[in-house]
Each structure stands twice: as C-alpha cells, then as structure tokens.
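The values are calculated or read from the model by the stated rules, or taken from the named source; none is laboratory data. For clarity, every value in this text was computed on a predicted model and none was experimentally measured. Glycine also receives a Cβ, built like all others from the backbone with ideal geometry; neighbour counts cover every protein chain displayed.
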Amino acid sequence: MTFPSPLAQPPHVTPAAPPPAPVRRALPLPPPSRGRIVLWVTAALLTLICALVIAYLLTFLGTVASAVAAVLALFPLAIVLLAVRAIDRWEPEPRGLVIFALAWGAVAAVAFALVIDTIVVLLASPALVPDVLSSVVQAPVVEEIGKGAGLLLLFLAARRSFDGPIDGIVYGALIGAGFAFTENIIYFASSLLTGGVGEAAFTFFLRGILSPFAHVMFTAVIGYALGLAARAGYGFGRSCALWLVGLVGGIALHALWNGSALFADFFALYATLQVPLFVGAIVAVILLRREEARLTRERLGEYAAVGWFTPAEVDMLATGAGRRQAVAWARTLSGDRSRIMKTFISEATALAAARQRVTTGRDRLAAADERVYLERATAAREQLLAP
C-alpha cells in the first residue's frame, strides 16, 4: 500500500461520498457527549483544588513572595502561550478545552505532585530518598504521570476535539505550561526568600529565559503519542498503550533534563543536547503542520469533486499563505468581510477534520458533525460572496 505522506494513516473504512445536496437550514451540533459532562465535573473539582493550592502557596511562601513570583512566572507562560497559539492556528482547539488543559497542569498535576512528595517525606527518611533520586527519578515519574493523566482524560472525554498529533501536542504543551507556571511560582518565591533578589534573578534566568519550554516538551511527547492514536482511530486499549509509550518518553526527557543539572555541566549540555532537541521539536511540528494542510486539501478536495467548493477555494484553504491572502482580499469587499472569511476558513477546516474522523471510522458522531460544518461553511461562503 502506498501513502501520500510518511505521516499518513491507512483508512479504516470507506466513507460515503460527500452529499451533492442543496443547502439546508443550519443545524446545531449534536448535544454534548457524556465525556463533556465528565470534563465539567472535573472542572468543578479543579476549582476546589485551585483554592487549596493557593492556600498552600500563601501559607508556606507568604503573600508578598507568592505575588512577586506569580508576576515573574507570567513572562515564560506568555512566551509559551504565544508559541502554542502559532502551532494551533490551523485548526484552533475549543477555548474551553484550552482553559481546561492549562488548569489541569497548573492545579491538578501540581497538587498530585505535592501530595506524593509529602507522602514520600513522611514515610521515607532523607537517606532512603536522596536529592539525586528525588530529582532524577521521583520528580519525572510523578510529575509526568500527573500531567499525562490530564491528557488521557481529554483524549477520552473530548475525542471529537482530539483529531491528531498536532492536537495532542497543543494539549500537552498547555498542560506543561500550566504546570511550569505554578512550579515557577514555588521556585521563584523560594529563591527570593532564601537568597534574596540575586538568587531569584538567577533562578528566573534559568527557568524563565533558558527553559520556558522544558515542561512543554516533556508533556507534548505524551500528547503526540495520543495524537497518533487519534489519527489512527485506535480503541481504548491500543490508545492507552500508546499513552504509556509517550509517558515513558516524557519521563526520559524530564530525567535527562534534571540529570544534566546534577551530573554534568548544565550549560554545556544545554547547548549541545537540549538546544538540538528543541530545534528537532520545532522541525517535527512544522512537518506535522504540513500533514494537517495535506489532509485539509485531500478531504476538502472530495467536496470540490462534487461541486461544494471550487478547486481554487480548496487551494486557498489548504495553505497558510492562501488563507492570509483571502482575509486581506475580504477586507477590500463592501463592509470589510474579513470576519466572514475567517468564519468560512474555520468552518471549512472543521469540516475537513470531521471528514477525516468519518474516514477513520473512530467517531460515531462525525457524520452528523460533517453535515453541520458543511452547511455552516456553505452559508459563510454565500454570505461572503453576496452582492
């Protein structure tokens, strides 16, 4: 069997051809699944846990140190969020799931790590758990399990919004960014209290300037593995197996990072190993984005074949440059229709993603989503071209 790209997955079913039907009235999306209800319940629990984490920070670090550290921690968080937004621009994830992922990392994963650390301190003497073991083994294992659990929950409960590797990387990066934000508050405040402004500045340089993407990369590996499972249409068992593979990868990267600060010249290893790893991650994301564009072109091409779109429109929707030119052109239309063009691009991209889910046969609601996005995209197109 030949594949259109090295990242392509074999189809699991032969989907029906796109309907050559006339435009009908816009339909609402199918109602939320039980998975979304699980996410809402979890979000309510996260609110309670968030209050407990804030109380912990204020109790052990103090109000002033926590506030100063929180302001400093916003800087690396902003850098990461801008990078994630650039990655996620092709098919943006739902805002609620973006917030959920950030909150899971900043609250649930941190709380899990703090609880485990406290239990270890209470049950084991420092001689049994030396700093080296705690840093290189305990921290990577506990923290990546805590973050990875949130990814698995998103994968299982919001499967319709988890289409492939890019989605997994985005969700993983957001969870990692949330975790790093709260952890940075702890580190920055502790440095300020124990070593003053000088030590706090050095800690900020190490964590906020040199390594804002460390936790992001660790957890993105887990997300990438789950994204492969989503793209291939795997069931629960095989998806969990891939999650475990990604978890091992994330733990290994985390342990390597922590170990470089203990067993080697951190700055030398940072330049010779960590920077190349980061560059490799950027290259991988670029290749995955190209795969998303290829799938968009391929899936929308099926609609063009039966007359829903023109070949020129498919070309426009399948490239970043084409989208930017289309938005610029829409601004020149009567009344500035750039917002309508953006809606058309968004709905058409969602249509391609739904069509891909139909092709893999992994989502029983994908066909209903497909009809809705088709009508929404067609309605936006007609509004855009209206006299």
| In the range 156-192, the residues that are modelled with pLDDT under 95 and closer than 17 Å to residue 108 by Cβ | 156, 157, 158
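Conditions tested, residue by residue: (1) among the β-branched types (Val, Ile, Thr); (2) without any contact (Cβ under 8 Å) to a residue 12 or more places away in the chain; (3) in the same structural domain as residue 371 (by TED's automatic domain parsing).
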| site | (1), (2), (3) |
| --- | --- |
| 268 | no, yes, no |
| 274 | no, no, no |
| 282 | yes, yes, no |
| 288 | no, no, no |
| 299 | no, no, yes |
| 310 | yes, yes, yes |
| 316 | no, yes, yes |
| 331 | no, yes, yes |
| request: Quick one: which residue in 79, 49, 87 is at pLDDT 85 or above, in contact with a Lys or Arg (Cβ under 9 Å, 6 or more places away or on another chain) and at negative phi? | output: 87
| request: State whether one or more residues within the range 115-136 are surrounded by fewer than 24 Cβ atoms within 10 Å (Cβ to Cβ) and under 26 Å from residue 39 (Cβ atoms). | output: yes
| Only one of 179, 162, 155, 188 is in the same structural domain as residue 204 (by TED's automatic domain parsing), touching a His at 6+ places or on another chain (Cβ under 6 Å) and not hydroxyl-bearing (Ser, Thr, Tyr); which? | 179
| request: Please verify whether the range 248-267 includes one or more residues that are surrounded by 14 or more Cβ atoms within 10 Å (Cβ to Cβ) and acidic (Asp, Glu). | output: no
| query | Going by the structure shown, is residue 142 touching a residue at least 40 places away in the same chain (Cβ under 8 Å), part of a helix (DSSP H, G or I) and hydrophobic (A, V, I, L, M, F, W, C)? | reply | no
| message | Looking only at residues that are of a type outside the set (Lys, Arg) and surrounded by fewer than 17 Cβ atoms within 10 Å (Cβ to Cβ) in the range 93-114, which one is farthest from residue 158 (Cα to Cα)? | response | 99
| Which number in (1) touching a Lys or Arg at 6+ places or on another chain (Cβ under 8 Å); (2) part of a helix (DSSP H, G or I) marks the one condition that residue 341 misses? | (1)
| Residues that are farther than 30 Å from residue 295 by Cα and either of a type in the set (Gly, Ala, Ser) or not in a helix (DSSP H, G or I) (or both), drawn from the range 90-121 | 103, 105, 106, 108, 109, 111, 113
| Filter result for residue 219 (of a type in the set (S, T, N, Q), assigned to a helix (DSSP H, G or I) and surrounded by fewer than 22 Cβ atoms within 10 Å (Cβ to Cβ)) | no
| query | In the list 377, 367, 353, which residue meets the criterion of being in a helix (DSSP H, G or I), surrounded by fewer than 20 Cβ atoms within 10 Å (Cβ to Cβ) and not polar (S, T, N, Q)? | reply | 367
| remark: Looking across the range 314-326 at residues that are within 26 Å of the chain's Cα centre (by Cα) and part of a helix (DSSP H, G or I), the single one that is nearest to residue 286 (Cα to Cα) is 320
